[in-house]
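Q: I have a structure I would like to understand better, so I am pasting it below and will then ask my questions one at a time.
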Amino acid sequence: MKLISLLGATGSIGTQTLDVVRHHREEFKIVAMSTGKNIDLACEQAREFKPKLLSVQSKDDYEKARHNVPAETKVVYGDEGLLEVATYPESAILVNAVLGSVGLVPTLAAIEAGKTIAIANKETLVTAGHIVTAAAKAHQVSLLPVDSEHSAIFQALNGENKREIEKLILTASGGSFRDLSRDELKEVTVEQALNHPNWSMGAKITIDSATMMNKGLEVIEAYWLFDIPYERIEVVLHKESIIHSMVEFVDHSVIAQLGTPDMRVPIQYALTYPKRLAGQSEERLNLAEVGKLHFSQLDMERFRCMALAYEAGRIGGTMPTVLNAANEVAVALFLDKQLSFLGIESVIEQALERHDVIAAPTLEEIKAVDEETRAFIRSTVN
């Protein structure tokens, strides 16, 4: 049985991870988990899965949670609590499913503790990819991708020689507004942006999908996971989200991974790798029923956030840190209706243009740049 620590149990990836565990209780057990603000759901999860450790955000949350979880579940809180979950001695694998750069330090601690990392938190690699990948190599720790696109590439590369890769091809649905022009984007609402055509995800990721920043962050993540230069990482629009990503090799053959849009599949694969288990859903991919798959070239002018992400990734250093921090705050402001949809990309571009890049930042420098960028973005709407 594989013992699991889970960061972000009440989020979209976290709840789907628990669904995988629920359907394979003979294979997996949650021994430690953390939650965000949804204490009621976290307590319900703790009563079902009976982890030995639960971390919550604040002292108030701690007081509420400790009276509503099983007696065998120890409750902790704050940043120290996250670290305790990430490094819990009994767990073999950490699923990093938290939202944002808060997952960085716990992930580094888990790597130092020798845990396998199932990484769904793309911001960890975007913000500090050089530090995370170097630490994983030094401690001989595997970084297993959970994002459907990176899982697809990971699967397509099984048994292949990395030196024979021509390029990586990430697919993108185009998000909620894929058929709208730039002019039509000026008046879109939060409610419209949250209506993703294919996937069921949390609010922040759904907005990132609409701006295409989600795909931009995935390009940077792919750079760090697979050590492929940016000029050989391509994004193609694919409305159906059936082909999750592809790899083209030097002989021009292309290997693609296909499946229904169900995040439980890549989550389960990361937990079982190199084995596979039976799927939970009765829904299967039937290409005869699908009939046609559609692809189109991605327009960098239409999806401005993609261009910003490629630019930040190529410059490197602290530039991706700025990109991620600015985007997190800008999306929060949009969701709070303090910023327009196109305002998201505008303030991100401002943050990138004003930043003096640190080429090889330390963890402390990354934290400082992250905090300064967030303060700048907030100041633009005051």
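Q: Could you list, in sequence order, all residues of the range 296-333 that are modelled with pLDDT under 95 and aromatic (Phe, Trp, Tyr)?
A: If the condition is that a residue be modelled with pLDDT under 95 and aromatic (Phe, Trp, Tyr), then Phe303 is the only one that fits.
Q: Quick one: in the range 1-15, which of the residues that are over 17 Å from Pro145 (Cα atoms) and touching a residue at least 40 places away in the same chain (Cβ under 8 Å) is surrounded by the most Cβ atoms within 10 Å (Cβ to Cβ)?
A: Out of the qualifying residues, it is Ala9.
Q: On the given criteria, is Lys122 under 22 Å from Val331 (Cα atoms) and either surrounded by fewer than 20 Cβ atoms within 10 Å (Cβ to Cβ) or within 10 Å of the chain's Cα centre (by Cα) (or both)?
A: Against the criterion (under 22 Å from Val331 (Cα atoms) and either surrounded by fewer than 20 Cβ atoms within 10 Å (Cβ to Cβ) or within 10 Å of the chain's Cα centre (by Cα) (or both)), Lys122 qualifies.
Q: Can I ask one more? Over 21 Å from the mean Cα position of the chain (by Cα), in a helix (DSSP H, G or I) and crowded, with 20+ Cβ neighbours inside 10 Å: which single residue out of Glu63, Glu84 fits that description?
A: On the way: Glu63 fails: crowded, with 20+ Cβ neighbours inside 10 Å.
Result: Glu84 is the single residue among Glu63, Glu84 that is over 21 Å from the mean Cα position of the chain (by Cα), in a helix (DSSP H, G or I) and crowded, with 20+ Cβ neighbours inside 10 Å.
Q: Exactly one of (1) small (Gly, Ala, Ser); (2) open to solvent by less than 20 Å² (accessible area, probe 1.4 Å); (3) modelled with pLDDT of 95 or more; (4) over 26 Å from Gly279 (Cβ atoms) is unmet by Gly114. Its number?
A: Single failed check for Gly114: (2).
Q: If a residue must be of a type in the set (Gly, Ala, Ser) and closer than 13 Å to Glu240 by Cα, how many such residues does the range 271-312 contain?
A: 2
Q: Go through (1) under 30 Å from Val95 (Cβ atoms); (2) part of a loop (DSSP other than H, G, I, E, B) for Ile267 and report which single condition fails.
A: (2)
Q: Which numbered condition in (1) out of contact with any strand residue (DSSP E or B) (no Cβ under 6 Å at 6 or more places or on another chain); (2) in contact (Cβ under 8 Å) with a residue 24 or more places away in the chain is the only one that Glu164 fails?
A: The one condition Glu164 does not meet is (1).
Q: Quick check, is Ala375 among the hydrophobic types (A, V, I, L, M, F, W, C), under 20 Å from the mean Cα position of the chain (by Cα), assigned to a helix (DSSP H, G or I) and modelled with pLDDT of 95 or more?
A: no
Q: Answer yes if at least one residue in the range 206-228 is touching a strand residue (DSSP E or B) at 6+ places or on another chain (Cβ under 6 Å) and over 18 Å from Pro145 (Cβ atoms), and no otherwise.
A: Scanning the range 206-228, I find no residue that is touching a strand residue (DSSP E or B) at 6+ places or on another chain (Cβ under 6 Å) and over 18 Å from Pro145 (Cβ atoms), so the answer is no.
Q: Pick from the range 202-244 the residues that are among the basic types (Lys, Arg) and in a helix (DSSP H, G or I): which of them is surrounded by the most Cβ atoms within 10 Å (Cβ to Cβ)?
A: Filtering the range 202-244 for residues among the basic types (Lys, Arg) gives 204, 215, 232, 239.
Applying the additional criterion that residues be in a helix (DSSP H, G or I) yields 204, 215, 232.
On the way: Lys204: 19, Lys215: 24, Arg232: 15.
Here the residue is Lys215.
Q: A further question on this structure: Of the residues Phe177, Phe154, which is more than 20 Å from Leu99 (Cα to Cα), open to solvent by 30 Å² or more (accessible area, probe 1.4 Å) and of a type in the set (Phe, Trp, Tyr)?
A: Phe154
Q: With the requirement that a residue be open to solvent by less than 50 Å² (accessible area, probe 1.4 Å) and more than 30 Å from Leu3 (Cα to Cα), what does the range 263-307 give you?
A: Matches in the range 263-307: Leu298, Arg302, Phe303, Cys305, Met306, Ala307.
Q: Ok, one more. Go through the range 16-60 and count every residue that is farther than 21 Å from Leu99 by Cβ, not basic (Lys, Arg) and not in a loop (DSSP other than H, G, I, E, B).
A: Final tally of qualifying residues: 4.
Q: So Gln192 ticks every box in (1) open to solvent by less than 60 Å² (accessible area, probe 1.4 Å); (2) assigned to a helix (DSSP H, G or I) but one. Which box is left unticked?
A: (1)
Q: If you don't mind, there's one more thing I want to ask. Test Asp356 against the criterion of being acidic (Asp, Glu), farther than 19 Å from Asn214 by Cα and either outside any loop (DSSP other than H, G, I, E, B) or free of Cβ contacts under 8 Å to residues at least 24 places away in the same chain (or both), and give yes or no. Write out each step before concluding.
A: On the way: acidic (Asp, Glu): yes; farther than 19 Å from Asn214 by Cα: yes; either outside any loop (DSSP other than H, G, I, E, B) or free of Cβ contacts under 8 Å to residues at least 24 places away in the same chain (or both): yes.
So Asp356 fits the description; yes.
Q: Show the residue pairs meeting these rules: Cβ distance below 6 Å; 6+ apart or different chains; first residue within the range 123-146 and closer than 21 Å to Pro266 by Cα; second residue assigned to a loop (DSSP other than H, G, I, E, B) and open to solvent by 10 Å² or more (accessible area, probe 1.4 Å).
A: Final answer for the pair search is Leu144/Tyr273; Val146/Ala120.
Q: Looking at the range 25-40, can you tell me whether even one residue there is of a type in the set (Gly, Ala, Ser), open to solvent by less than 20 Å² (accessible area, probe 1.4 Å) and modelled with pLDDT of 95 or more?
A: Yes: the range 25-40 contains one or more residues that are of a type in the set (Gly, Ala, Ser), open to solvent by less than 20 Å² (accessible area, probe 1.4 Å) and modelled with pLDDT of 95 or more.
Q: Related question: Go through the range 249-262 and report how many residues are open to solvent by 30 Å² or more (accessible area, probe 1.4 Å) and assigned to a strand (DSSP E or B).
A: At the first step, the residues of the range 249-262 found to be open to solvent by 30 Å² or more (accessible area, probe 1.4 Å) are 250-258, 261.
Restricting the remaining residues to those that are assigned to a strand (DSSP E or B) gives 254-258.
Adding up the residues that qualify gives 5.
The values are calculated or read from the model by the stated rules, or taken from the named source; none is laboratory data. These numbers come from a predicted model, not from an experiment. Note that each Cβ is placed from the backbone with ideal geometry, even for glycine, and that neighbours are counted across all protein chains shown. Keep in mind that these areas ignore ligands, DNA and RNA; they rest on the heavy atoms of the full protein, side chains included. Shrake-Rupley method; radii C 1.70, N 1.55, O 1.52, S 1.80 Å.
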